[in-house]
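Derivation of every value follows stated rules applied to the coordinates shown; laboratory data play no part. Treat the numbers as computed from the prediction; the structure is a model and nothing was measured. A quick note on method: Cβ atoms are made from the backbone with ideal geometry, for glycine too, and the neighbour counts reach across all protein chains shown.
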């Protein structure tokens, strides 16, 4: 019995970033993944702080010197922005789990709201720290 001729069909290609139109919900998804890494990094900084406390006054002063440098403060500010972003994104995700907020305009607006909240909350936090004299 002869074999039937196989028909090779063209398979659809997966969408790629070069053909996708960039949109804010995509950026929010990427930022959410980045925020998880930033929070892990923040936990490493917190662990280093506790280890420096346990290691003695000289180690603690060295740690405070590194973290209190302009680069260290910038990193801490970035971690706080990502922490606030993760908080806002997870609240948004909770509404998605309830089946709400999937409409395009609402999804875009909540994406912008997450980013805006993260930036404003971090600036307010750091302004409060500066006013309270935390960096003297």
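Structure above, values below:
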read-out: Principal-axis tilt of helix 24-55 within the chain, Cα atoms, nearest 10 degrees; value: 30 degrees
read-out: Relative exposure of 52, 35, judged by other C-beta atoms within 10 Å (fewest first); value: 52, 35
read-out: Surface/4 estimate of mean projected area, convex hull on alpha-carbon atoms of the chain, nm²; value: 16.4 nm²
read-out: Among 54, 107, 122: highest mean-square fluctuation, GNM of the chain, C-alpha pairs under 10 Å; value: 54
read-out: Degrees between helix 57-67 axis and first principal axis of the chain (Cα, 0 to 90, nearest 10); value: 50 degrees
read-out: Cα centroid separation - the range 34-64 against the range 68-113, whole Å; value: 24 Å
read-out: Residue order, fewest to most surrounding Cβ atoms within 10 angstrom, among 26, 98, 82; value: 98, 26, 82
read-out: Angle between the chain longest axis and helix 104-131 axis [Cα atoms, degrees, rounded to 10]; value: 10 degrees
read-out: Selected from 27, 59, 118 as most flexible by GNM, with the chain as the system and alpha-carbon contacts under 10 Å; value: 59
read-out: The range 24-131 - percent relative contact order, Cα under 8 Å, separation 6 or more; value: 35 percent
read-out: FRET efficiency, residue 49 to residue 98 (Cβ-Cβ, R0 35 Å, nearest 0.05); value: 0.40
read-out: Scaled radius of gyration (Cα, divided by 2.2 N^0.38 Å) that the range 55-94 gives; value: 1.67
